[in-house]
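To start, the structure itself, in structure tokens.
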Amino acid sequence: MSLQLVRYKTVKPIEPRFSRTGAYQGVDRLILKPSTPAYIPNYYDSQKFINTRAIVAVLSFTIMMAYFGYFREPNDIDLILNSEPHVLAGNLERKLLKEQIEQAKRAGKPTDLLEAQLSYVDVKEAAIKATYDKKK
């Protein structure tokens, strides 16, 4: 018997190309519709939120106008804002000069000049009143 050795042709395994593997994400595999949307709407973009915000703004403005226009009672600030400018200027200057006179008396300084300024306030007030009456 004869033994015959046969050598078979060895076939090299074909290595897969990267472009054919699952890891490849090239342009030719581009999916035009992405699985997740690029913009995800939320509550703050909804029409309900926009309407609610508009209603709250209108109601707040209405309540504020009702309070200031109808329910609020007159106070000292209203009296100051509604008084004439010559009265405001005269009273403010008198008050400041009286405080300065008291401080000067406590410090033992002469108050003749301050008292002269205090008497001059009436003249200044009359001049402001005349100017104010001309503008009316």
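Where a number appears in this text, it was derived from the coordinates with a stated rule and is not lab data. In this text the structure is predicted, and so the values were computed from the model without any measurement. Cβ atoms come from the backbone with ideal geometry, glycine included; neighbour counts cover every protein chain shown.
Compared with the direct C-alpha span, the chain from residue 91 to residue 60 gains 7.4 nm at full extension, assuming 0.36 nm per residue. A Förster radius of 35 Å, combined with the Cβ-Cβ distance separating residue 70 from residue 135, puts the computed FRET efficiency at roughly 0.65. Summary of packing: across the peptides 45-57, 3-15, the per-residue average of other C-beta atoms within 10 Å ranks them, highest first, as 45-57, 3-15. Modelled spin labels at residue 105 and residue 25, positioned 7 Å past Cα toward Cβ, are 8.9 nm from each other. Projected label points at residue 48 and residue 98, each 7 Å from Cα along the beta carbon direction, are separated by 6.4 nanometres.
Among 86-97, 71-82, 122-133, the peptide with the highest mean count of other Cβ atoms within 10 Å heads the list, and the full ranking is 86-97, 122-133, 71-82. Amide H contacts under 5 Å for residue 111: none, restricted to partners 5 or more places along the chain or on a different chain, H placed in the peptide plane at 1.01 Å from N.
Our note on the geometry: Cα centres of the stretch 109-136 and the stretch 46-95, 33 Å apart.
Kindly state, to the nearest 0.05, the FRET efficiency for residue 120 paired with residue 84, given R0 = 25 Å and r defined as their beta-carbon distance. Here the calculated transfer efficiency is 0.80.
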